[in-house]
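The values are calculated or read from the model by the stated rules, or taken from the named source; none is laboratory data. Just so it is clear, the structure is predicted and the values come from calculations on it, not from any experiment. Neighbour counts run over all protein chains shown; Cβ positions are idealised from the backbone, glycine included.
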């Protein structure tokens, strides 16, 4: 019974992808898409209660249990949002039914790939999963086939491929470091064995491998200076894809980095990767915060916000120590929920106003109250204000930084404040004041957005104790 | 007695080199002509040309200085010494202790320097063109040559030509990709230094396409004879260099008997013929490059040399 | 004969680096495709030799795949595509060929120094394989960065993949990931080349990525 959960989490998306590639009716495909993601989510939920035994290919431990459930949940809500969103896309002619078949099939392939990367114990299979996920998103970003979309997709492809290649090289180096201790073949790629024997690996090789992995998977996470693909990909792709990219794919890439960081932490002679991650995280944070001011496209602005938050998380993990690591894990989960909620809102706004330019959007709270106030709540959440969840994780990061490296706390807080300022400035223009711009009917459903924001609000007030314990365990292992 | 014998062998090499140089040039010309379905000049024509030039009167420009008259002798002396030092039929000859590859490059550099000066000396524009092009080619060819020397020195453990030839001849080097790259780079540098197609056309009459010929445009009589002989010696030098390093079979070991020396001479002649033939085929099958593309060509030779050195470092430090 | 094994492996891996430099030197599209076919051929030979030296028969399959697809099918397909779409056949570079080659030399030297210093414990064959593989990867990266033509960027990426395959075979006993990565690369090559070239071509009448810069959206 226990193994079936993992098999289900992988098999359902795979089968659904095959089916969706064949179904011509897009309405039916959209509903099937939602059904498939719901089933996957339920299968993943069962992992909360019963975990399968750790095998050479399968691993479900405290770290990825939450992320599997989170990924399938956000996948489910996004598909629900997408099902209603695409009506409008068909109406305006931006997408044809043929492309929608492709879109739905690719969506399920993406879910499959992310789940594969999350549940596997084999570092090679993890790489395969992330590469497949990147490829599907590249294809989906370019789906509108406008000039800008093609440029965004091409840039994403080039940078993503470079990232994939560097990550593979890092994986090969890890194998080389492991091979003398674990023996050649599959044994040297099983993560649990690697962590157990990490103390006997060659530290220089491990360090070099981690640098490559940081560069490779860091490109996927969108860290400065490897972030160039992120704003374009978010702005030019369909909104459900932006939600999935920001909410899920960045997380999965960071999760891969965390697995390797745990490997490095288990080896006492290896160089601490902390300073590198701290500097990259801090640079991403400060850079993105300042960039937030000059954005004129709403999706692009929230893309930079994603870069900023990934910077905070990387910074937290770079700082190390149980508190900062816990904060990082919490932040990853909450950011995923919040950012996807914001993108749901933004997608609806783009449909209502017919544009993504913020200069043409205004007075949302008066014209579309649910949407407007939802956006306000989302921005308040992402800016890190209480009582929403992100406040807690940001507060933990800041306080642990003050305790350990007070000097670093200065740019950290500066970045956070700058970001808050920029977000509220734009929010004011968009949500309040005189109504501006067109006013179509919103087709996308509001339910997913409300559900996510509700969860974030609940997490800010009460975190389930099992979750806290799991995260604390992982925080210890992260070193 | 042994000393006199050694001296004789060394002198024989010096004379052999001097005697064979025009023959090699004549052979290459003959093969080229035959490949182009012409009869071509006789094999011994270069000797006749040299004799004719020696008999003729020297005509000097008014603006020629003492340097102009001295250069041919300097160039000839430097080139002859360099050519005489390269092992042809035997290694370990009497003066082979001075036969360091870097010394040979320095001697050739000296000769080139004086030739360039001579080209500038008279003050004509064609001489200037020739000198400037020659020096541009040299500025790329010399680093490439040095890289090749480094590679070979890393393989053989010394820059002394006799030691190198002995080491490479004994087969101790094994199959090295660096040696292959060094060979290709050396061939490219040799083509550039000897003013062969595709870098320069030795048979051209168009001044604007000349490099080497433009520098010697003003020379006549015995001066021109010496410069022509120097050019032929340089070609022989490079061919001997390539043969002794990369085709080291048949070279007599130091202190060998007369029979081994004779076998060495025979194999040396065969190698000259082979290389001359290959050069003629190569020149006939390719077109001359435009002058601004020569840096790319030589840049490729430099890269090959650098790469060969790097790869040598890698395999040595493993 | 152990020395001979090592020498031949060294010869083939070094030749792969050399052919990567040749790729950087090309300025005509058809010539580039031919040199890439040579690159894939040398890779196939190198992998086959590793299969023999390490006594790992599954690597022969990898070599066959590299030979068949990368050396034959993909260059021919790209050739046809270029002819059909009438793509601009001269390659523009961001910096001149000379500085590019010098930069390439610097990258090769860097990768040698880094890899050799780090892998002091492994066996010599694996060490030099990894050092050369990293050089090929970095040279492929350099090619992607210094070229404006889309096809040459894709060729740069494929040469980068070849370097990765070399690295994976050098790491002794690395399991089926090699086959998977090879299969993936081919898949990527086909899908992306096909889709993007056709879309870019019909959108822009050129495959020059500089023309794409006009549609960059907001800066940056």
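Please go through region C:139-158 and give me each residue that is more than 10 Å from chain A (Cβ to nearest Cβ) and at pLDDT 90 or above, ordered by number.
Scanning region C:139-158 gives C:139, C:142, C:143.
Could you tell me whether region A:320-335 includes any residue that is assigned to a helix (DSSP H, G or I), touching a strand residue (DSSP E or B) at 6+ places or on another chain (Cβ under 9 Å) and at pLDDT below 90?
Within region A:320-335 (the criterion being assigned to a helix (DSSP H, G or I), touching a strand residue (DSSP E or B) at 6+ places or on another chain (Cβ under 9 Å) and at pLDDT below 90), the answer is no, since none of the residues qualifies.
Please give the number of the condition residue B:83 fails out of (1) surrounded by fewer than 24 Cβ atoms within 10 Å (Cβ to Cβ); (2) touching a residue at least 12 places away in the same chain (Cβ under 8 Å); (3) over 30 Å from residue C:105 (Cα atoms).
(1)
Taking residue C:4 and the conditions (1) over 11 Å from the mean Cα position of the chain (by Cα); (2) surrounded by 21 or more Cβ atoms within 10 Å (Cβ to Cβ); (3) at the interface with chain B (Cβ under 8 Å from one of its Cβ atoms), which numbered condition does it fall short on, given that it satisfies the others?
(2)
What about residue A:423, is it within 23 Å of the chain's Cα centre (by Cα) and in contact (Cβ under 8 Å) with a residue 60 or more places away in the chain? Talk me through it step by step, then tell me what you get.
Numbers: within 23 Å of the chain's Cα centre (by Cα): yes; in contact (Cβ under 8 Å) with a residue 60 or more places away in the chain: yes.
Taking the combined requirement at face value, the residue satisfies it.
Could you check how many residues of region B:164-179 are touching a residue at least 40 places away in the same chain (Cβ under 8 Å), in a helix (DSSP H, G or I) and either within 20 Å of residue B:310 (Cβ to Cβ) or in contact with a helix residue (DSSP H, G or I) (Cβ under 7 Å, 6 or more places away or on another chain) (or both)?
So the count comes out to 6.
Do we have residue A:131 as at the interface with chain C (Cβ under 8 Å from one of its Cβ atoms) and over 19 Å from the mean Cα position of the chain (by Cα) here?
No; evaluated as a whole, the condition is false for this residue.
Do we have any residue at all in region C:34-44 that's within 14 Å of another protein chain (Cβ to nearest Cβ) and within 22 Å of residue C:135 (Cα to Cα)?
Yes: region C:34-44 contains one or more residues that are within 14 Å of another protein chain (Cβ to nearest Cβ) and within 22 Å of residue C:135 (Cα to Cα).
Any idea how many residues of region B:196-209 are surrounded by fewer than 23 Cβ atoms within 10 Å (Cβ to Cβ) and not in a helix (DSSP H, G or I)?
Count: 9.
Residues that are more than 28 Å from residue A:83 (Cβ to Cβ), in the same structural domain as residue A:264 (by TED's automatic domain parsing), in contact (Cβ under 8 Å) with a residue 24 or more places away in the chain and more than 18 Å from the chain's Cα centre (by Cα): does region A:138-151 have at least one?
The answer is yes, given that some residue of region A:138-151 is more than 28 Å from residue A:83 (Cβ to Cβ), in the same structural domain as residue A:264 (by TED's automatic domain parsing), in contact (Cβ under 8 Å) with a residue 24 or more places away in the chain and more than 18 Å from the chain's Cα centre (by Cα).
Can you tell me which residue in region C:115-125 is modelled with the highest pLDDT, limited to those that are more than 7 Å from every other protein chain (Cβ to nearest Cβ) and buried (at least 17 other Cβ atoms within 10 Å of the Cβ)?
Applying the filter and picking the extreme gives C:115.
Please report, ordered by residue number, the helices (runs of 4 or more DSSP H) entirely within region C:1-112 with at least 2 residues that are within 18 Å of residue C:139 (Cα to Cα). Talk me through it step by step, then tell me what you get.
Numbers: elements: C:2-25, C:29-54, C:58-65, C:74-85.
Fully inside region C:1-112 and qualifying: C:2-25, C:29-54.
Find the residue count for region B:89-108, including only residues that are in a helix (DSSP H, G or I) and touching a helix residue (DSSP H, G or I) at 6+ places or on another chain (Cβ under 7 Å).
The total comes to 8.
Check region A:160-176 and report whether any residue there is at the interface with another protein chain (Cβ under 10 Å from one of its Cβ atoms), touching a strand residue (DSSP E or B) at 6+ places or on another chain (Cβ under 9 Å) and modelled with pLDDT of 85 or more.
The answer is no, given that none of the residues of region A:160-176 is at the interface with another protein chain (Cβ under 10 Å from one of its Cβ atoms), touching a strand residue (DSSP E or B) at 6+ places or on another chain (Cβ under 9 Å) and modelled with pLDDT of 85 or more.
Could you list all residues from region C:80-114 that are surrounded by 18 or more Cβ atoms within 10 Å (Cβ to Cβ) and more than 19 Å from the chain's Cα centre (by Cα)?
C:82, C:87
Inside region A:219-291, counting only helices (runs of 4 or more DSSP H) that do not spill past its ends, which hold 3 or more residues that are within 14 Å of chain C (Cβ to nearest Cβ)?
Passing ranges, in order: A:229-236, A:274-291.
Would you mind stating whether residue A:354 is touching a residue at least 12 places away in the same chain (Cβ under 8 Å), out of contact with any strand residue (DSSP E or B) (no Cβ under 6 Å at 6 or more places or on another chain) and buried (at least 23 other Cβ atoms within 10 Å of the Cβ)?
So residue A:354 fails the test.
Quick check: anything in region A:166-182 in contact (Cβ under 8 Å) with a residue 40 or more places away in the chain and either surrounded by fewer than 22 Cβ atoms within 10 Å (Cβ to Cβ) or not assigned by TED's automatic domain parsing to the domain that holds residue A:257 (or both)?
no
Considering only residues of region B:299-308 that are under 23 Å from the mean Cα position of the chain (by Cα) and within 10 Å of chain C (Cβ to nearest Cβ), which is surrounded by the fewest Cβ atoms within 10 Å (Cβ to Cβ)?
Out of the qualifying residues, it is B:299.
Tell me which helices (runs of 4 or more DSSP H) are completely within region A:24-120 and hold 1 or more residues being touching a strand residue (DSSP E or B) at 6+ places or on another chain (Cβ under 8 Å) and under 13 Å from residue A:10 (Cβ atoms), or say none if there are none.
Per the criteria, A:97-119.
Just checking, how many residues over region A:428-468 are over 20 Å from residue A:381 (Cα atoms) and either over 22 Å from the mean Cα position of the chain (by Cα) or at pLDDT 85 or above (or both)?
Just the residues of region A:428-468 that are over 20 Å from residue A:381 (Cα atoms), to begin with: A:433-445, A:465-468.
With either over 22 Å from the mean Cα position of the chain (by Cα) or at pLDDT 85 or above (or both) added as a condition, the list becomes A:433-443, A:465-466, A:468.
Count: 14.
Answer yes if at least one residue in region B:156-170 is within 14 Å of chain C (Cβ to nearest Cβ) and surrounded by fewer than 23 Cβ atoms within 10 Å (Cβ to Cβ), and no otherwise.
The answer is no, given that none of the residues of region B:156-170 is within 14 Å of chain C (Cβ to nearest Cβ) and surrounded by fewer than 23 Cβ atoms within 10 Å (Cβ to Cβ).
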